[in-house]
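Here the structure is laid out as structure tokens; the discussion comes afterwards.
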Amino acid sequence: MQATLDVELATTGLTFSDQQFALPEVPGALLLQIDSTTLKLTERRGSQTWQILRYPIALFPQRAGDLTVPPFDVRFAVSAGYGKAPRAFSFRTEPLTFSARLPEGVDAGALLVTTPEYDLSWSWSPAPSADDAEPVMVLAPGDAVTLTVTQRAADLSGMVLPELPIHRAAGLAAYPAAPEIEDRVARGVLQGTRTDEVTWMLEEEGRQSLPALRYRWFDPSRGTLRSAEVPGLELSVVARAGTQPGNANAASARSANDVPRWVLVAAAVLAGLAALLVWARRRGLLVSLSTRAAARRARRAAGEGALFRAVERACAADDARWALIALSRWQRCHPAPAGAASPVLLLDLARDQPEARRLLEDLQYAVVDERTWDGRALRANLPALRRRHRVRDPATRASALTALNPGADGRV
């Protein structure tokens, strides 16, 4: 809840000039001069008339208990009359201690919004179906879903409104945007607004649950706790039929009239070979051979080399989404580097290679912003990144990274 701290400058002179003071950091509270409002007053003290400037400062407690505003310096100059040189003054304020209490039913340490007016709005993009009570949105790997949440509160700065909690899970890359904060003062009434946005990119097939978000606030005029909820979202991530890594616009279909004659001859030969293989399989001649071949193909497909080549193909096709998914799969061949701290661990792999790191960041934001992406520069940098971090011992894959956003419980 907002309280007001008044800073008053008083003099028996005629005019003020060069007023200066810097608000201190208040542990457990936020001190803000939300606008340039200054009250000009006069006051009779004995036989003298004093000129007073009052600066209202907004004070927002962020926790319960005893809080102290530290001393800070105030400077100004005063002129005793027209044409007279101003005289400079400097003062240091006394510390100011106050207490903040939480309403009943609120846990100690919790951040509580206290305001007589609070509004919460949100939107999903793409929007879920309005017909289902618990909508399940069907998307494909490489697709993204964005949540935008806007909070508005009276008598509060947007800076003290709670931030949007970011859900993280394996196979789900989270990209929060910087919050947009706006404060408006109309007729002396402050209204703060905070807008948060986070985009999740779907990296793997499967089921994902984006949990509901609950916001609580205290209405001091009614003395009641109130709450509002942003509904969660269930996602079913399924590969689309016929989709392959690469840009769909990179190749165009040919008509039958454009097929060269040698291609038709080769197709006929291959059809004959296929028939021969079917005959041999029916007689059990290829069972063991095909089983061993399938096992070898599976090992090769899951190997580091195959995963790396998939990244190169995606970069060559300038397909940002598939490139990011392929990178996520390839990075699992690498153990997390010591001291890794980035939410996107690929950036930790490239932390000593500034150019590769910059290109990886550009790829991620190209996916989030759905903009055109050129993969040539990243492809050129991939061999150096691979040489530095290549894993030769297959046993090291036991410590494989599970997703671009680490943490078994989805937390960073």
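At-a-glance table
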| quantity | calculated |
| --- | --- |
| Candidate set: the stretch 128-161, residues that are open to solvent by 60 Å² or more (accessible area, probe 1.4 Å) and at pLDDT 85 or above; chosen: the one nearest to residue 192 (Cα to Cα) | 152 |
| Among (1) within 20 Å of the chain's Cα centre (by Cα); (2) under 30 Å from residue 322 (Cα atoms); (3) not in a strand (DSSP E or B) - the single one residue 159 does not satisfy | (2) |
| Some residue of the stretch 56-75 being over 23 Å from residue 190 (Cβ atoms) and surrounded by fewer than 11 Cβ atoms within 10 Å (Cβ to Cβ) | yes |
| Flag if residue 82 is of a type in the set (Phe, Trp, Tyr) and either modelled with pLDDT of 90 or more or in contact with a helix residue (DSSP H, G or I) (Cβ under 8 Å, 6 or more places away or on another chain) (or both) | no |
| Unmet criterion (only one of (1) within 20 Å of residue 173 (Cβ to Cβ); (2) at pLDDT below 80; (3) not acidic (Asp, Glu)) for residue 353 | (1) |
| Some residue of the stretch 99-122 being under 30 Å from residue 368 (Cβ atoms), surrounded by 10 or more Cβ atoms within 10 Å (Cβ to Cβ) and modelled with pLDDT under 85 | yes |
| Near pairs, Cβ below 9 angstrom, 6+ apart or cross-chain, from the stretch 41-55 (more than 18 Å from residue 18 (Cα to Cα) and open to solvent by 70 Å² or more (accessible area, probe 1.4 Å)) to any residue that is in a strand (DSSP E or B) and among the hydroxyl-bearing types (Ser, Thr, Tyr) | 42/49; 43/49 |
| Residue 201, sole failed condition from (1) open to solvent by less than 10 Å² (accessible area, probe 1.4 Å); (2) free of Cβ contacts under 8 Å to residues at least 60 places away in the same chain; (3) touching a helix residue (DSSP H, G or I) at 6+ places or on another chain (Cβ under 8 Å) | (2) |
| Close pairs (9 angstrom Cβ cut-off, 6 or more residues apart or separate chains): over 18 Å from residue 145 (Cα atoms) in the stretch 360-380, modelled with pLDDT under 85 and in a loop (DSSP other than H, G, I, E, B) anywhere | 360/344; 360/350; 361/344 |
| Entirely in the stretch 11-57, the strands (runs of 3 or more DSSP E) that have 3 or more residues that are closer than 23 Å to residue 94 by Cβ and touching a helix residue (DSSP H, G or I) at 6+ places or on another chain (Cβ under 9 Å) | none |
| Residue within the stretch 373-380 that is at pLDDT 75 or above and under 23 Å from the mean Cα position of the chain (by Cα) present | yes |
| Hits in the stretch 173-206 (condition: part of a strand (DSSP E or B) and over 19 Å from residue 122 (Cβ atoms)) | 173, 183, 184, 185, 186, 189, 190, 201, 202, 206 |
| Residue selected from the stretch 170-186 under the condition of a type in the set (A, V, I, L, M, F, W, C) and touching a Ser or Thr at 6+ places or on another chain (Cβ under 8 Å), by the criterion surrounded by the fewest Cβ atoms within 10 Å (Cβ to Cβ) | 185 |
| Members of the stretch 76-87 found to be open to solvent by less than 90 Å² (accessible area, probe 1.4 Å) and within 16 Å of residue 12 (Cβ to Cβ), listed by number | 76, 77, 78, 79, 80, 81, 86 |
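The values are calculated or read from the model by the stated rules, or taken from the named source; none is laboratory data. Please read these numbers as outputs of a predicted model, since none were measured by experiment. Every residue, glycine among them, receives a Cβ derived from its backbone with ideal geometry; neighbour counts consider all protein chains shown. Side chains included, ligands, DNA and RNA excluded: accessible areas come from the protein's heavy atoms. Shrake-Rupley method; radii C 1.70, N 1.55, O 1.52, S 1.80 Å.
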